[in-house]
Structures are given as structure tokens and as C-alpha cells.
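Down below is the structure, laid out as C-alpha cells.
The values are calculated or read from the model by the stated rules, or taken from the named source; none is laboratory data. The model shown is predicted, which means the values in this text are computed figures rather than measured ones. Note that we place each Cβ from the backbone using ideal geometry, even for glycine, and neighbour counts take in every protein chain shown. Just so you know, the surface numbers come from the protein's heavy atoms only, side chains and all, with ligands and any DNA or RNA stripped out. Shrake-Rupley method; radii C 1.70, N 1.55, O 1.52, S 1.80 Å.
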Amino acid sequence: MRFLEDIKVGHRRELGSFTFTAELIKKFAAQFDPQPFHLDEDAGRRSLFGGLVASGWHVAAVGMKLLVADGQRETAAQIAAGETVATWGPSPGFRELRWLKPVRAGDTISYANQVETVRATATRPGWGIVQARNIVTNQHGEQVMTFMATAFVPRRSDAG
């Protein structure tokens, strides 16, 4: 992963895509969000959605999986190039979560994030904070989910 000094406002990362199937939608919902329109096609048709839809939490969890996988790829490339890899800190949270359109069985969803702010912290020497807008779109280019994520990122000058 990159150090704070290497991250620029506007940088966009394409994290990958994922196709939601009815089976995966139901399996996730049964364990984590057992609402009828996530579990059953008929119940979905009778709902406001008019069909089976993925849980928003499922859509968010897949995004996290793709974000971590992208970070692992970037780390492996840095190690192979002999570069020093930054170990990011935790996230103090996210905000502005919006589920804009339902995700249906057969939809292929693409995930990206774009850096909006980069700054040093006043209270944690050696660290900065990066905020990135996460943008999730379906195969038609329509946004289905967005949110702003925040992460603690180490400064290169303190990497030792």
C-alpha cells in the first residue's frame, strides 16, 4: 500500500466487479439480512422492488472484499519491485452511505474509489487521513451505491 505522501486528490482505483446470483443473494440474506425480498422471488415480486434484490449490506461486503484484494495485489507488486510497503491503520468510519438502485440477480456490479481529501493528523504523529468516495455501478453504468470512507495512512517520513 502507499504512504500518505504518495496519495493525490483525484486518484481513482478501479477495484473490480462481481456478479450477483439469486443463490448468492439468498445465501447472504439468510445469514445476515433475512428480509423476504432478499430471500424469495415471490416475496420480492410483491415488494416495492418488484423482484428479488441483494441486501445493501451484501453489496457493501463485496466491495470490501474487492478493496482488500486490490490492496493485496498492490502490496505484492510493491514487494516484487523492492519498494517499502505502507501498513495502513484502521478506518475511523464512513459516512454518506446511499443505496441508490436495487441490485438484482444477474447484475454485475463494478466498484471504484476516488480520493477526495488527503491530510496529516494533528493528534497522531506519523499518520494522515485519506477520505475516498466509493462509487458502485451496475452493468448499465448506473450508480447503485456510494459512500465516503476514511482511513489512517502512515507518512513516509516516519516509516523508518
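Among the residues of region 131-160, those that are in contact (Cβ under 8 Å) with a residue 40 or more places away in the chain, more than 26 Å from residue 27 (Cα to Cα) and assigned to a loop (DSSP other than H, G, I, E, B) comprise 155, 159.
Name every residue in region 1-10 that is charged (D, E, K, R) and buried (at least 18 other Cβ atoms within 10 Å of the Cβ), in order of residue number. Lay out the reasoning, then the answer.
Of region 1-10, the ones charged (D, E, K, R) are 2, 5-6, 8.
2 - this is the single residue of region 1-10 that is charged (D, E, K, R) and buried (at least 18 other Cβ atoms within 10 Å of the Cβ).
Collect the residues in region 108-130 that are part of a strand (DSSP E or B), open to solvent by 40 Å² or more (accessible area, probe 1.4 Å), under 17 Å from residue 93 (Cβ atoms) and among the polar types (S, T, N, Q), keeping them in residue-number order. Scanning region 108-130 gives a single hit, 117.
Give the residue that is surrounded by the fewest Cβ atoms within 10 Å (Cβ to Cβ), with candidates limited to residues of region 11-36 that are in contact (Cβ under 8 Å) with a residue 60 or more places away in the chain and over 24 Å from residue 72 (Cβ atoms). That would be 21.
For residues that are within 8 Å of the chain's Cα centre (by Cα) and modelled with pLDDT under 95, scanning just region 64-83, find the one that is least open to solvent (accessible area, probe 1.4 Å).
First, the residues of region 64-83 that are within 8 Å of the chain's Cα centre (by Cα): 64-67.
Restricting the remaining residues to those that are modelled with pLDDT under 95 gives 64, 67.
Details: 64: 107, 67: 50 Å².
Filtering region 64-83 for residues that are within 8 Å of the chain's Cα centre (by Cα) and modelled with pLDDT under 95, the one least open to solvent (accessible area, probe 1.4 Å) comes out as 67.
Checked against (1) at pLDDT 95 or above; (2) assigned to a helix (DSSP H, G or I); (3) hydrophobic (A, V, I, L, M, F, W, C), residue 97 passes all but condition (2).
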